[in-house]
1. Just one of Gly147, Gly113, Gly135 is free of Cβ contacts under 8 Å to residues at least 40 places away in the same chain and either within 19 Å of Val53 (Cβ to Cβ) or part of a loop (DSSP other than H, G, I, E, B) (or both); which is it?
2. Which of the residues spanning segment 8-35 are within 23 Å of the chain's Cα centre (by Cα), of a type in the set (Lys, Arg) and in a helix (DSSP H, G or I)?
3. Taking the stated definitions as given, is Gln402 among the polar types (S, T, N, Q), more than 14 Å from Val359 (Cβ to Cβ), touching a residue at least 24 places away in the same chain (Cβ under 8 Å) and not in a helix (DSSP H, G or I)?
4. Taking the condition more than 22 Å from Asp21 (Cα to Cα), touching a residue at least 60 places away in the same chain (Cβ under 8 Å) and aromatic (Phe, Trp, Tyr), does Phe95 pass?
5. Considering only segment 330-343, I want to know if a residue exists there that is in contact with a Phe, Trp or Tyr (Cβ under 7 Å, 6 or more places away or on another chain), over 17 Å from Ser412 (Cβ atoms) and at pLDDT below 95.
6. Under the condition of being surrounded by 16 or more Cβ atoms within 10 Å (Cβ to Cβ) and in contact with a strand residue (DSSP E or B) (Cβ under 6 Å, 6 or more places away or on another chain), which residue from segment 222-233 is farthest from Glu184 (Cα to Cα)?
7. Provide a single number: the residues in segment 150-181 that are assigned to a loop (DSSP other than H, G, I, E, B), touching a strand residue (DSSP E or B) at 6+ places or on another chain (Cβ under 6 Å) and closer than 20 Å to Ala198 by Cα.
8. Can you tell me how many residues in segment 333-351 are hydrophobic (A, V, I, L, M, F, W, C) and in a helix (DSSP H, G or I)?
Amino acid sequence: MTYEEAVKYILEIPRFTKKNDREHTRAFLTYLGEPQEHMKVLHVAGTNGKGSVCAYLEGMLRSEGKRTGLFTSPHLVKMNERIAVNGEAVSDRSFCAVFEKTLKTVKRMEEQGLAHPTFFEFLLGMALCAFAEAGVEYAVLETGLGGRLDATSAVEHPEVCVITSIGLDHTEYLGNTLEAIAGEKAGIIRQGVPVFYAQTAEESDRVIEQNARERGSFCKKIGKDAYEILGIGDKHIAFSCSSAYYGNTTWKLNNTGLYQPGNAMLAMEVMRYLFGESGHPKRWREALADLKWPGRMEEVLPDVYIDGAHNISAVEAFVQSVPRDGVGNIILFSAVEDKDYEKMAERLCVSRAAELYVVTHIDDRRGADAERLADIFRKYTERPVVVRESVEEAVGYALDVQNGRRVYCLGSLYLTGMIKGLIQEEI
């Protein structure tokens, strides 16, 4: 089977299966031979920052000489981005091999009357098998949606649980309050397993702390006082740590997002727990300074940045990270229908984050109409709003009028992936 055939099969899974409960995923892992039992699992949930925290953890683990696996979603350009071993996405050949093994297992399950795994379950099974075969020592797993009912929660004995910042997203599934969403995210906490979480708001923090107490789990909150931002350069952000454990040194991230030091600090505190006095913070500092996480304030062309902000709390963090009053900024925006794109557009306009807004349509059945998006932007700003129907046309227009300005592309991870794909094709 070719890589393209394997991807086609996986993409078609949602058409013939439905959401399964965690017990189904447990059965699936049993049929696969319990691959998760061969590695130490770091389980990460949250609304924003999950991918970044996972990437920081994986990079620092490698700096300690550990063999790592990283399972994240969604992918931006190619599906095998979701499954990485030692910092590299698995090859097409390896992807196909583990796909075929997983598919054979699924056929045996179906013969026994069990339902076919969902899209996400299938990929999780593939990832864990790939990690077990590669001799991974530490596997970092990012939840797909929520936590309590997420397929990754079928891994019953993680080494540590991590919860990033909480915000309003996927409210139709997770609830429309911070407390409700925090309750779903805190569903990853296991009996006696330590949990580290990012301080967000009193109501969500309280829910996480309560869940940890009920499960007898050590719980540590990573607050804004754990670090201090020292400055933002052209390509990086610098910060210092409050704890003497990290030394009196400056830490740098290959990113300019104001929210990223908090994500890094959360990952660092997990590393501190895992390695204690045997850890090597100097190596971690070097790993973080070198690490680039695709699609998170990533510079893909000179002064052209793509950012995965796709909900109001992420857009708020984005706004805080760009130059004041938007002078010299162009924003290229699109979104999918099931997101609260009016609130995102309002925040981008009211904050005056750009002097020109370019809106477009994502070529997907869920993509919001470009003219509808433009009308919303014009409700909140008198600055120019330009419509281009395709992502390719929108990018071309933004580059044509860039003229020394910074272009920020955000609103959807689908948009981020499409722009990366377009640029890679041109290169």
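1. None of the other options fit; the residue is Gly113.
2. Within segment 8-35, just Arg22 meets the criteria.
3. Judged against the criteria, Gln402 is a match.
4. On the way: more than 22 Å from Asp21 (Cα to Cα): yes; touching a residue at least 60 places away in the same chain (Cβ under 8 Å): yes; aromatic (Phe, Trp, Tyr): yes.
Criteria met by Phe95.
5. no
6. Among those that are surrounded by 16 or more Cβ atoms within 10 Å (Cβ to Cβ) and in contact with a strand residue (DSSP E or B) (Cβ under 6 Å, 6 or more places away or on another chain), it is Tyr227.
7. 4
8. Quick first cut of segment 333-351, residues hydrophobic (A, V, I, L, M, F, W, C) only: 333, 335-336, 344-345, 348-350.
Adding the requirement that they be in a helix (DSSP H, G or I) leaves 344-345, 348-350.
Within segment 333-351, residues that are hydrophobic (A, V, I, L, M, F, W, C) and in a helix (DSSP H, G or I) number 5.
The values are calculated or read from the model by the stated rules, or taken from the named source; none is laboratory data. Quick caveat: nothing in here was measured; it's all calculated off a predicted structure. Here Cβ is always computed from backbone atoms with ideal geometry, including for glycine, and neighbour counts include all displayed protein chains.
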